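**Q** To start, I am sharing the structure in question, which I have written as structure tokens.
The values are calculated or read from the model by the stated rules, or taken from the named source; none is laboratory data. The structure displayed is predicted, hence computed values, not measured ones. Here Cβ is always computed from backbone atoms with ideal geometry, including for glycine, and neighbour counts include all displayed protein chains. Accessible surface areas use protein heavy atoms only, side chains included; no ligands, DNA or RNA. Shrake-Rupley method; radii C 1.70, N 1.55, O 1.52, S 1.80 Å.
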Amino acid sequence: MMRHAIQRWFFGASLAVGFTATGADGPGAGLAIARPDRSDHVDFFREIVPILQANCLPCHNRTTSKADLRLETPADMLAGGESGPALVPGKASESLMFRVSAHLEKPRMPPKDNKVNAVNLTAGELGLLELWINQGAKASERQTETVRWQPIAPEFRAIYSVALSADGQFAACGRANRLFVYHVPSRQLVGELTDPAVARTNGGPATAHLDVINALAFSPADHTLASAGFREVKLWRPHWADPAPATGSVPTAPPSLRSADGNRQLAITTNGLAKLTDGSGKELFELRPGRAEELQRETALTVARQRFDTAKAALEAAGKELAAQRERLAKAISAETAARKAVRDKAASVQPLRRELARSEGRLAQVERAATGSTNAPATRKPAEDQLTAARKALEGPEAELAKAERNRSNAENETTLARHSVNQAASAELSAKHDSQHRQRELGEAEAARKQPAPASEPAILGALDRAGRLAATAHAEGRVRLWSLEEGAELHSFRSALTNLKHLAFAEEGSLWLAEAGRSQRWQPTPTWSLAAVLGGDTNSPFTDRVNAVTFSADGSRLAAGGGEPTRSSEIAVWEPVAGRWLYGITNRHSDVVLALAFSPDGRWLASGGADRFARLTE
């Protein structure tokens, strides 16, 4: 009986992956088995798990357990699935797991045309599996092996990941395990980012990671760059160099205040305001310190309004739903009351007819007893039988009406119960929506108060310059203060104080550098930062990731960094960090049944979207 139960279980598992058994093989049929000539014990985790990894575990693991069967450990195999164990220790020939894998009987495993691309075990793999079972199907100690890294061949330069900064100033790409950053307006290479620890580990040149770089992301807040590799995420922070004394001839031409395409121009007013205009002279915005913070506060206020409006609408909808359910309950109670009255009325009308039926049955019984042995019994029985038939007929209609009334009463009682439950649910939902609305209202008030904060005082600009691409602007102020601006939104990128306190000349050179000059002295400044390694999140020891990190993303304000990966075909992992401090906040496990391949925060930071190799996209609040 157990054999048939296990066969039914395997048959169900084969149907789950698209296989239909059509019969059983004859004696001796099956795949070739190469039995190893060895006397030492087979190590389960080192020798058997790799065999199962590609062809069995995709459908029989802790997250995907077809037919409730897991094959990750010998204990899982002995526990079996819905109908019993999958193996008999010491007897491979009686272990259905081995027999179906060796195609000694149907259903054959893995099935043809399965969805996970599993293939038949080789002769050597079957021989090793058979020997392991015959040796008792014993577990072994799981050992964590240290990866022995080798340098990646320099010819391998495939790009698996790219990233663009939010202001469009910088682009990054991972060429194999090397990381390069480019300045977009000038199309120049800023530099290659390297970690000296890589060279110490693999004995090769210093690169960014030991493994191929799988994902990149710039922080919208400060151009911090996150790069993902094997079990780790590295954070690279930008640093701006100080201006250096210029060599060579100082550009004497007046600084360009118009972009090469003529679509943007910079104007310095008589009172020292720096304004950006379009080609027709229409003002786009003013360049002033604190503009980026103002834009962030405006965005926060817009998001807060949207969230409050959504919460308010949800509260109104919850109130309407509660009113509707209360009305439903009132109708249900009224209908139940009417149904109970109908049952009482019908029962009252049925009672006399039932008594008459009982009397008719009694009279017939008396007549039959009195007529026993009498020759005229049929004649005396006929009137009593007619009375009984009439009583039964008279009762049929009222009895049917009473049964119908009782069914109606039962339905009405059920509806009342359901309506009460719905009222309770709607009341709970309204209370939750009310709390959420109050919370969103407080957030809106805080955002409105923050938006009203006065802007910092703006220093009058003395000089201004625009780069040829119209992406960057520079302004010079009193006492040698120089500010660099992104013209995407007018945000200040960087500022520094030059040793030249009486600036007379400010201009971008052809290659993108900024020249500063006063009488007899000049400086040259590169308006692009350099990146250096600031933190390693994870790594080979105590890492929250078991394998490669495939996706990284920053929240819109740069306060959160999410990284995703997992163990292929078996699990998913998402870790959320505070990137400024490099502090791990929390992890999300098994959101997917396979590795995470993509991540994205919503603009308001409320939702995290994740995509996995299991072909699902999921939202986490």
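**Q** For residue 543, state whether it is touching a residue at least 40 places away in the same chain (Cβ under 8 Å) and either open to solvent by 10 Å² or more (accessible area, probe 1.4 Å) or in contact with a helix residue (DSSP H, G or I) (Cβ under 7 Å, 6 or more places away or on another chain) (or both). Steps first, answer last, please.
**A** Numbers: touching a residue at least 40 places away in the same chain (Cβ under 8 Å): yes; either open to solvent by 10 Å² or more (accessible area, probe 1.4 Å) or in contact with a helix residue (DSSP H, G or I) (Cβ under 7 Å, 6 or more places away or on another chain) (or both): yes.
Criteria met by residue 543.
**Q** Right, here's the next one. So residue 528 passes all but one of these: (1) β-branched (Val, Ile, Thr); (2) within 18 Å of residue 189 (Cα to Cα); (3) part of a strand (DSSP E or B). Which condition number does it fail?
**A** Going through the list (1) β-branched (Val, Ile, Thr); (2) within 18 Å of residue 189 (Cα to Cα); (3) part of a strand (DSSP E or B), residue 528 breaks only (3).
**Q** Checking the conditions here, which among 553, 569 is part of a loop (DSSP other than H, G, I, E, B) and either in contact (Cβ under 8 Å) with a residue 40 or more places away in the chain or hydrophobic (A, V, I, L, M, F, W, C) (or both)?
**A** Just a single option satisfies the conditions, and that option is 569.
**Q** Additional query: Going by the conditions given, is residue 311 touching a Ser or Thr at 6+ places or on another chain (Cβ under 9 Å), open to solvent by less than 50 Å² (accessible area, probe 1.4 Å), aliphatic (A, V, I, L, M) and assigned to a helix (DSSP H, G or I)? Before you say what the answer is, go through the steps one by one.
**A** Numbers: touching a Ser or Thr at 6+ places or on another chain (Cβ under 9 Å): yes; open to solvent by less than 50 Å² (accessible area, probe 1.4 Å): yes; aliphatic (A, V, I, L, M): yes; assigned to a helix (DSSP H, G or I): yes.
In short, yes.
**Q** Could I ask something else about it? Among the residues of segment 169-183, are any hydroxyl-bearing (Ser, Thr, Tyr) and at pLDDT 95 or above? Talk me through it step by step, then tell me what you get.
**A** Here is the first cut: in segment 169-183, the residues hydroxyl-bearing (Ser, Thr, Tyr) are 182.
Restricting the remaining residues to those that are at pLDDT 95 or above gives none.
Checked against the condition, which is being hydroxyl-bearing (Ser, Thr, Tyr) and at pLDDT 95 or above, segment 169-183 yields no hits at all.
**Q** Quick check: anything in segment 563-581 closer than 28 Å to residue 496 by Cβ and crowded, with 16+ Cβ neighbours inside 10 Å?
**A** yes
**Q** Would you mind telling me which numbered condition in (1) open to solvent by less than 50 Å² (accessible area, probe 1.4 Å); (2) under 30 Å from residue 455 (Cα atoms); (3) at pLDDT 85 or above residue 499 fails?
**A** Among (1) open to solvent by less than 50 Å² (accessible area, probe 1.4 Å); (2) under 30 Å from residue 455 (Cα atoms); (3) at pLDDT 85 or above, the lone unmet condition for residue 499 is (1).
**Q** Oh, and also: Would you check which residues across segment 363-387 are in a helix (DSSP H, G or I) and either modelled with pLDDT of 90 or more or open to solvent by 80 Å² or more (accessible area, probe 1.4 Å) (or both) and list them?
**A** Keep residues of segment 363-387 that are in a helix (DSSP H, G or I), which gives 363-370, 377-387.
Across segment 363-387, the qualifying residues are 363, 366, 368, 369, 370, 378, 382, 387.
**Q** Just one of 323, 342 is more than 30 Å from residue 387 (Cα to Cα) and of a type outside the set (Ser, Thr, Tyr); which is it? Reasoning before the result, please.
**A** Details: 342 fails: more than 30 Å from residue 387 (Cα to Cα).
Checking each option against the conditions leaves just 323.
**Q** Give me the pairs, please: first residue somewhere in segment 357-370 and closer than 15 Å to residue 392 by Cβ and in contact (Cβ under 8 Å) with a residue 12 or more places away in the chain, second residue anywhere and surrounded by fewer than 14 Cβ atoms within 10 Å (Cβ to Cβ) and aliphatic (A, V, I, L, M), beta-carbon distance under 8 Å, and either six or more positions apart or on two chains.
**A** Listed by first residue and then by second, the contacts come to 360/390.
**Q** Consider residue 102 carefully, then state whether it is in contact with a Leu (Cβ under 6 Å, 6 or more places away or on another chain), over 22 Å from residue 58 (Cβ atoms), open to solvent by less than 50 Å² (accessible area, probe 1.4 Å) and of a type outside the set (Lys, Arg).
**A** Values: in contact with a Leu (Cβ under 6 Å, 6 or more places away or on another chain): yes; over 22 Å from residue 58 (Cβ atoms): no; open to solvent by less than 50 Å² (accessible area, probe 1.4 Å): yes; of a type outside the set (Lys, Arg): yes.
For residue 102, the condition - in contact with a Leu (Cβ under 6 Å, 6 or more places away or on another chain), over 22 Å from residue 58 (Cβ atoms), open to solvent by less than 50 Å² (accessible area, probe 1.4 Å) and of a type outside the set (Lys, Arg) - is not met.
**Q** Considering only residues that are touching a Leu at 6+ places or on another chain (Cβ under 8 Å) and either closer than 30 Å to residue 211 by Cα or aliphatic (A, V, I, L, M) (or both), which ones fall in segment 505-531?
**A** Passing the criteria: 506, 507, 514, 516, 517, 531.
**Q** Can you name the residue in segment 468-493 that is part of a loop (DSSP other than H, G, I, E, B) and not charged (D, E, K, R) and, of all such residues, is surrounded by the most Cβ atoms within 10 Å (Cβ to Cβ)? Reasoning before the result, please.
**A** Residues of segment 468-493 that are part of a loop (DSSP other than H, G, I, E, B), as a first pass: 468-471, 477, 487-491.
Next, only the ones that are not charged (D, E, K, R) stay: 469-470, 477, 487, 490-491.
Working: 469: 18, 470: 20, 477: 20, 487: 23, 490: 20, 491: 18.
Top of the filtered list is 487.
**Q** Okay, next question. In the list 578, 573, which residue meets the criterion of being more than 13 Å from residue 550 (Cα to Cα) and acidic (Asp, Glu)?
**A** Numbers: 573 fails: more than 13 Å from residue 550 (Cα to Cα).
Exactly one residue qualifies, and that residue is 578.
**Q** Can you pull out the residues in segment 430-467 that are buried (at least 18 other Cβ atoms within 10 Å of the Cβ), of a type outside the set (Asp, Glu) and part of a helix (DSSP H, G or I)?
**A** Selection gives 433, 437, 440, 444, 447.
**Q** Picking from 519, 609, 509, 575, which residue would you name as being hydrophobic (A, V, I, L, M, F, W, C), modelled with pLDDT under 85 and more than 25 Å from residue 191 (Cα to Cα)? Don't jump to the end; show me each part of the working.
**A** Values: 609 fails: modelled with pLDDT under 85; 509 fails: more than 25 Å from residue 191 (Cα to Cα); 575 fails: modelled with pLDDT under 85.
Matching residue, one of 519, 609, 509, 575: 519.
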